[in-house]
Amino acid sequence: MLGAAVAATSKSLLDLGCGVGTAAFVAMTHHGELAGTLAEQNAEMLALAEANAAANGFAARARIILADVAAKGSERQAAGLAENAFDSVIANPPFFADGAGTLATDAGRAGSRHMDAATLDRWIKTAAGAAAGGGEVIFVYPAQRLSPLLAGFEQRFGAITVLPLSPRPGEPASRVLLRGIKGSRAPLTLLASRPLHEVTGRAFQPDFDAIFRGQARLVW
């Protein structure tokens, strides 16, 4: 869904903490001229992203780099993360607060799941620095941790749009998609919550089913 949320007008994409590259490759599938830079600090995940790029025909349009998203600006730039360069910046940051959830025994997996508020803010700062003027920054995150994410966005972006996602109609939101525009001063928009699944069973709602099958983009 994160990849399907990228604007149709984007020509350049940065995926922060790309993992195996899924979100970026979804966006690049929808946009045939979109060039993607994928940044990941876990070497194993990076190798899988490179293999996925080659296997799915994205090698010519994807640049995959080893980079710590939360590092200092000079370190990020040395790793190849350009400033003010991308029409769209997307991220699915580690989603557990420190001390929450079950810590994975593998350090790489643990780092991909756990993050404190200060590190989350550095991710947002990195996204803001990398986005071009007028560019969009889109994060997906657990709804219960919306507060620190929204605080970081409000410091750096305008025209913030919050899309809550609930498992089923009438249930509380479990995830949020948050989009901000660099340089905008437009006010925040809180959209109605959208249920992913039908009332009963495991079937997705038709609009989300089309997204997950690669047949449609997300309409904000």
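The values are calculated or read from the model by the stated rules, or taken from the named source; none is laboratory data. As the structure is a computational prediction, the values presented were derived from the model and not from experiment. Neighbour counts run over all protein chains shown; Cβ positions are idealised from the backbone, glycine included. For the accessible areas, the whole protein counts, side chains as well, though only heavy atoms, and no ligand, DNA or RNA atoms are used. Shrake-Rupley method; radii C 1.70, N 1.55, O 1.52, S 1.80 Å.
Here is how the numbers come out for the structure above:
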{"read-out": "Charge dipole of the chain about the Cα centre (unit charges at C-beta), most positive-ward option of ALA35, LEU48, THR9", "value": "THR9"}
{"read-out": "Relative packing of peptides 53-61, 28-36 - highest average C-beta neighbours within 10 Å first", "value": "28-36, 53-61"}
{"read-out": "Accessible area of LEU13 in the full protein assembly, 1.4 Å probe (Å², nearest 10)", "value": "0 Å²"}
{"read-out": "Relative contact order (%) - the chain, alpha-carbon pairs under 8 angstrom, separation at least six", "value": "18 percent"}
{"read-out": "Alpha-carbon centroids, region 177-206 and region 1-62: separation in whole Å", "value": "22 Å"}
{"read-out": "Sites GLU83 and THR119, calculated FRET efficiency, Cβ-Cβ separation with R0 22 Å, nearest 0.05", "value": "0.65"}
{"read-out": "Net dipole in debye of the chain [+1 Lys, Arg Cβ; -1 Asp, Glu Cβ; about Cα centre; nearest 20]", "value": "360 debye"}
{"read-out": "At R0 = 45 Å, FRET efficiency that the Cβ-Cβ distance of LEU188 and ALA47 yields, to 0.05", "value": "0.70"}
{"read-out": "Reachable lysines from LYS72, criterion Cα separation under 25 angstrom, eight or more residues apart if same chain", "value": "LYS125, LYS182"}
